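Throughout, read-outs are computed from the coordinates displayed, never taken from laboratory work. Worth saying up front: this structure is predicted, and the values here are computed from it rather than measured. Methodologically, a virtual Cβ is constructed for each residue, glycine included, from the backbone with ideal geometry; neighbour enumeration extends over all protein chains shown.
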Amino acid sequence: MKTLKVVVMIVTLASLTGCASIPQEAPELSSELGKRIAAIEESHIALLRRFMDEKRKQVDQFVKTEWTPKFAENYFKQPNVNKAWDETVKGNNPNDRLMLLTLVGPKLQEEINKKRLELIKPLDEIEKDIERRLRDEYRQAQAMNNSITSFLASAAKVAENRDRLLRAVGIEDAKIKKAISDADVAVQKLTDQTSESAGRFEEFKKSINEVKAELVK
């Protein structure tokens, strides 16, 4: 984002120093800058999506390797389920085992899917919020560059617009950077097996909700 700020600032300053000395190439250069801004925007969005995809993969790994085994263990400790399992094993009847697994399997999978959605959904929402903010900021940059291009092409007097454009050119991306960083930290803490998983899960939900709240301020 800093590169984008600098590029737009340079073109703004260079183009607004005086219409009498505007070179013929200036409107074309400003138009080309607009194309570059659009390309940078798409690259920025693609990087955001790849980053969030990686966070989702880490959550999937947590659900698969840590949460699911513990959930299954606790599920089979339930008296009625444990009794049915013991009787089926002692009976040594393959058909009975298959029938029990057929009954239990979908219930386990439903809970696993529910837990995954509970953890993934906040990340999806944060990604959408960040992308929306990025799109808005790039739209502002494009609008400013379009104004500059129009001024250059018409060779109009634009000195009175200089301060307004320079004040508007700064793209405020500190909040976006913090949201990405905080989401990353939240996922890392969730997948850190050095502490109790239940506590990590609650901390993850709290942290993600805080990130979402900051983005909408």
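Summary table
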| quantity | calculated |
| --- | --- |
| Two-site FRET efficiency, Lys189 against Glu110, from Cβ-Cβ distance with R₀ of 30 Å, rounded to 0.05 | 0.65 |
| Lysines whose Cα lies under 18 Å from that of Lys77, excluding same-chain neighbours fewer than 8 positions away | Lys90, Lys107 |
| Label point distance in nm, Lys178-Gln78, each placed 7 Å from Cα along Cα→Cβ | 4.4 nm |
| Long pairs among Lys70/Lys128; Lys57/Lys177; Lys175/Lys206, criterion Cα-Cα beyond 30 Å | Lys70/Lys128 |
| Residue-count net charge about Gln193 - beta-carbon cut-off 12 Å; Lys, Arg +1, Asp, Glu -1 | 0 |
